[in-house]
Structures are given as C-alpha cells and as structure tokens.
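A.B. asks: Mind looking over this structure? Questions follow.
The values are calculated or read from the model by the stated rules, or taken from the named source; none is laboratory data. The structure presented is a predicted model; accordingly, all values stated were derived computationally and were not measured. Glycine gets a Cβ as well: all are built from the backbone with ideal geometry, and neighbour counts include every protein chain shown.
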C-alpha cells in the first residue's frame, strides 16, 4: 500500500531535483521516472547489494519494465572496505555490458556506500550520465543520497577520490528500514542528531521526547517519517545554498573530522560511519567546552541522545600523533589548517580553523582518560 508522499525540493541552480518520501513508493519508481520525462526505452543500470536486492529488486524491476524502461541489475559487495576504485571498475564493466548510452541512467538501490559508488560511476561513465538515488538505510536517506557528493576511499583517507554529481531524483521508502539491521539504523541516527545540533533545535526536542531511538520498532510511523523529512529539509536547505562546499555546506561535517580519523586509523569497516561520527561529535563537544564555545549542559544533552540511540561515545585508543597527522590529510584542510565545525548551542555551529594541535592534543588526552 502506498501512503501519501512528502515532497522536498532541492533548489540547486542548474541541477534542481526532488526528494520524495512515502511508504510503499518503491513500486512507483517507473512512474516517477516517467514524471521526469525520462523516455521509454531508456537503458537503466540498477546497482545494489545482495541484502537489498533480494527483498526489493523484484518489485523495483517490475515497476521499471511496466513503464517501458530497460533495466539491468548489477550486484556489488557493500561495506566501507569495498568502497574502492576496483568496485567502480566493476560497475563500469556492467555499464559497458549493458550498453549504456549518454541518455541512460544508473540507479543506486541501497545504503550510502552503494549510493556513493554508483554516483561516482555515473559521474565518470561517458563523462557523466544521470543517476537516481533510492536509499534503503537511514543514514543514506537523511544524508548520503542528498547533495551530489560521490566517491570512494583512498588508503590515505575517506572519500578522497570523488566528484559532485547531483541526482535527478531521490526516492525514499521508509518501509525498507524494516529489513535494516539495528546497528545500521543506530548509525543513521547519528546523522539525524547531527542535523538537530547544527541547525534544528525543534528536531533536537523531538528526539529528546522519544523514549528510545535505538530501533525502528521504538518509533511510530509518523515519528520516523517526520525525522526523515526534517533531516532531509535541513540538508536540502544547506546544499541548495552551497553546492560544492565552498561555504556553509561545511557545517554538514559536524562530527565528521574526528569521525573520519577514527575510521581511517581503526581500519575501514571496524566502525560504521555513523558510529565514528557519534564518537566524533562527542569529541568536538568536549573540544567546544574546552574552547568556551558551548556549555557542558548542551554537551550532556547531545551525549544523552547518542546514548539513547545506543551509539558509542567513548574515544578509541589511538596515538595522538597519528590523529594529528591524519587530520592534516583530511579533505577539508584549507591552506594547511584543519577546519572544525564547533557548536555554540543546540541549533548553532561555527566553522573554525584556529584550533591548534596543542588544543586538540589536550582534548584527546582528556577523552582518553574518560
């Protein structure tokens, strides 16, 4: 059964598109492409992973064929460790075998890793073909599928190889969360909490009013849809102002600078992306207290939401010198200065590049003792 949809406009100049949210709308993919004037007979490469393809690809392919499209399904291995140029080459091989043309499409049916790689493959096949994002994890729904960031990891850091390539459409069906492992759901909740801290105090309040955030079962249908919608609205508003992260879009990296360092130093796949972001948010919260930027009470409120989501908050055992070196390799470094997104209060953050290695080291030493 298809429920009434929520529609959000991402008003990026030259590349506007729509985010559509609604239970059961996975079976409407063919109709939504037709609404975009994608002509019948268009060749489409669907990229997915096995855990998603088994429950959802049949209805998905049926909808596409029923509307006159020519889909081919490509199964790849998901997971951060698979986010490599080799996987991109596999998708390119599938595009060649499917004889994709410049008017063809790729569709990412899966989580953030599948979305990032499919988007990058589309951006680089025939110098760029269209891509549609159909996220099936909470993290991908509220974050990875929106804004056009695509890419893969390099041994020196996360997402160092990539491109901005905006989707033609983002289709979100909350029903797909029913088959999402609880750990993955919780990882996505870290990004939701991020949106609340950086610019939506009403979302923060909504999350505080929830008894638990640790699983889909702990939330009503209306609550999860509102959480997704408010998060998507936040990201749409920010990326519409700053497509290529030259200004305000950097605030979306709240918790990510430390989080990416955790992922890189602990080994990709040790922690889920959202788990690393949760630890990164706790770390930047402590640093903000040290800098006098925000109050301890606000840091404790943030930590309570992270714990309510059963997310890790303790800083892992890492050599401080390795952390400082890794931070310098972050793609957000500008003229040798690491940029941090530092909170002032719930709903407000600053972009700062005046934080010294000594200040970071003091913070990390305190976290390591905690």
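A.B. asks: Can you name every residue in the range 15-35 that is assigned to a loop (DSSP other than H, G, I, E, B) and within 23 Å of residue 237 (Cβ to Cβ)?
C.D. replies: 15, 16, 22
A.B. asks: Quick one: would you say residue 341 is modelled with pLDDT of 95 or more, under 30 Å from residue 214 (Cβ atoms) and either assigned to a loop (DSSP other than H, G, I, E, B) or in contact with a helix residue (DSSP H, G or I) (Cβ under 8 Å, 6 or more places away or on another chain) (or both)?
C.D. replies: On the way: modelled with pLDDT of 95 or more: yes; under 30 Å from residue 214 (Cβ atoms): yes; either assigned to a loop (DSSP other than H, G, I, E, B) or in contact with a helix residue (DSSP H, G or I) (Cβ under 8 Å, 6 or more places away or on another chain) (or both): yes.
Answer is yes for this residue.
A.B. asks: Given (1) farther than 24 Å from residue 302 by Cβ; (2) without any contact (Cβ under 8 Å) to a residue 12 or more places away in the chain, identify the lone condition not met by residue 205.
C.D. replies: (1)
A.B. asks: Here's something else I'd like to know. Given 229, 208, 191, which one is at pLDDT 95 or above, assigned to a helix (DSSP H, G or I) and exposed (fewer than 15 other Cβ atoms within 10 Å of the Cβ)? Write out each step before concluding.
C.D. replies: Values: 229 fails: exposed (fewer than 15 other Cβ atoms within 10 Å of the Cβ); 191 fails: exposed (fewer than 15 other Cβ atoms within 10 Å of the Cβ).
Every option except 208 fails the conditions.
Listed here are the residues, each with its yes/no results for (1) touching a strand residue (DSSP E or B) at 6+ places or on another chain (Cβ under 9 Å); (2) touching a residue at least 12 places away in the same chain (Cβ under 8 Å).
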residue	(1), (2)
320	no, yes
325	no, no
347	no, yes
350	yes, yes
357	no, yes
364	no, yes
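A.B. asks: What tally of residues in the range 333-345 results from selecting those that are in contact with a strand residue (DSSP E or B) (Cβ under 8 Å, 6 or more places away or on another chain) and surrounded by fewer than 14 Cβ atoms within 10 Å (Cβ to Cβ)? Spell out how you get there, then give the answer.
C.D. replies: At the first step, the residues of the range 333-345 found to be in contact with a strand residue (DSSP E or B) (Cβ under 8 Å, 6 or more places away or on another chain) are 339-344.
Within this subset, residues satisfying the condition of being surrounded by fewer than 14 Cβ atoms within 10 Å (Cβ to Cβ) are 344.
Of the residues in that region, 1 qualify.
A.B. asks: Looking at the range 41-72, which of its residues are out of contact with any strand residue (DSSP E or B) (no Cβ under 9 Å at 6 or more places or on another chain) and more than 15 Å from residue 109 (Cα to Cα)?
C.D. replies: 66, 67, 68
A.B. asks: If you check residue 233 against the conditions, is it touching a residue at least 60 places away in the same chain (Cβ under 8 Å) and in contact with a helix residue (DSSP H, G or I) (Cβ under 8 Å, 6 or more places away or on another chain)?
C.D. replies: On the way: touching a residue at least 60 places away in the same chain (Cβ under 8 Å): yes; in contact with a helix residue (DSSP H, G or I) (Cβ under 8 Å, 6 or more places away or on another chain): no.
When the stated conditions are applied, residue 233 does not pass them.
A.B. asks: Then there's this: Among the numbered conditions (1) buried (at least 19 other Cβ atoms within 10 Å of the Cβ); (2) farther than 21 Å from residue 98 by Cα, tell me where residue 79 comes up short.
C.D. replies: With (1) buried (at least 19 other Cβ atoms within 10 Å of the Cβ); (2) farther than 21 Å from residue 98 by Cα applied to residue 79, the lone miss is (1).
A.B. asks: Quick one: in the range 211-225, of everything that is touching a helix residue (DSSP H, G or I) at 6+ places or on another chain (Cβ under 7 Å) and within 17 Å of residue 139 (Cα to Cα), which residue is surrounded by the fewest Cβ atoms within 10 Å (Cβ to Cβ)?
C.D. replies: 216
A.B. asks: Just the residues that are in a helix (DSSP H, G or I) and over 23 Å from residue 362 (Cβ atoms), please, taken from the range 300-335. Explain how you work it out, then say what you get.
C.D. replies: Quick first cut of the range 300-335, residues in a helix (DSSP H, G or I) only: 300-308, 320-328.
301, 304, 305, 307, 308, listed by residue number.
A.B. asks: Condition check: surrounded by 18 or more Cβ atoms within 10 Å (Cβ to Cβ), within 24 Å of residue 153 (Cβ to Cβ), in contact (Cβ under 8 Å) with a residue 60 or more places away in the chain and under 19 Å from the mean Cα position of the chain (by Cα). Does residue 255 satisfy that? Reasoning before the result, please.
C.D. replies: Values: surrounded by 18 or more Cβ atoms within 10 Å (Cβ to Cβ): yes; within 24 Å of residue 153 (Cβ to Cβ): yes; in contact (Cβ under 8 Å) with a residue 60 or more places away in the chain: yes; under 19 Å from the mean Cα position of the chain (by Cα): yes.
Yes.
A.B. asks: Scan (1) closer than 20 Å to residue 157 by Cβ; (2) surrounded by 14 or more Cβ atoms within 10 Å (Cβ to Cβ) for the single condition residue 349 breaks and write down its number.
C.D. replies: In the conditions (1) closer than 20 Å to residue 157 by Cβ; (2) surrounded by 14 or more Cβ atoms within 10 Å (Cβ to Cβ), residue 349 misses (1) alone.
A.B. asks: Check residue 9 against each of (1) touching a residue at least 40 places away in the same chain (Cβ under 8 Å); (2) surrounded by 14 or more Cβ atoms within 10 Å (Cβ to Cβ); (3) touching a strand residue (DSSP E or B) at 6+ places or on another chain (Cβ under 7 Å); (4) under 16 Å from residue 170 (Cα atoms) and name the one condition it does not meet.
C.D. replies: (2)
A.B. asks: Would you check if there is a residue in the range 52-71 being assigned to a helix (DSSP H, G or I), within 19 Å of the chain's Cα centre (by Cα) and modelled with pLDDT of 95 or more?
C.D. replies: Filtering the range 52-71 for residues assigned to a helix (DSSP H, G or I) gives 52-66.
Among the residues that remain, those that are also within 19 Å of the chain's Cα centre (by Cα) are: 52.
Adding the requirement that they be modelled with pLDDT of 95 or more leaves 52.
The answer is yes, given that some residue of the range 52-71 is assigned to a helix (DSSP H, G or I), within 19 Å of the chain's Cα centre (by Cα) and modelled with pLDDT of 95 or more.
A.B. asks: For the range 102-158, list the strands (runs of 3 or more DSSP E) that sit wholly inside it and hold at least 2 residues that are modelled with pLDDT under 95, surrounded by fewer than 24 Cβ atoms within 10 Å (Cβ to Cβ) and under 17 Å from the mean Cα position of the chain (by Cα); which are they? Working first, answer last.
C.D. replies: Numbers: elements: 105-110, 130-135, 149-154.
Hits in the range 102-158: 149-154.
A.B. asks: Additional query: If you scan the range 29-60, which residues turn out to be more than 19 Å from residue 129 (Cβ to Cβ) and without any contact (Cβ under 8 Å) to a residue 40 or more places away in the chain?
C.D. replies: Correct list: 31, 35, 50, 54, 58, 59.
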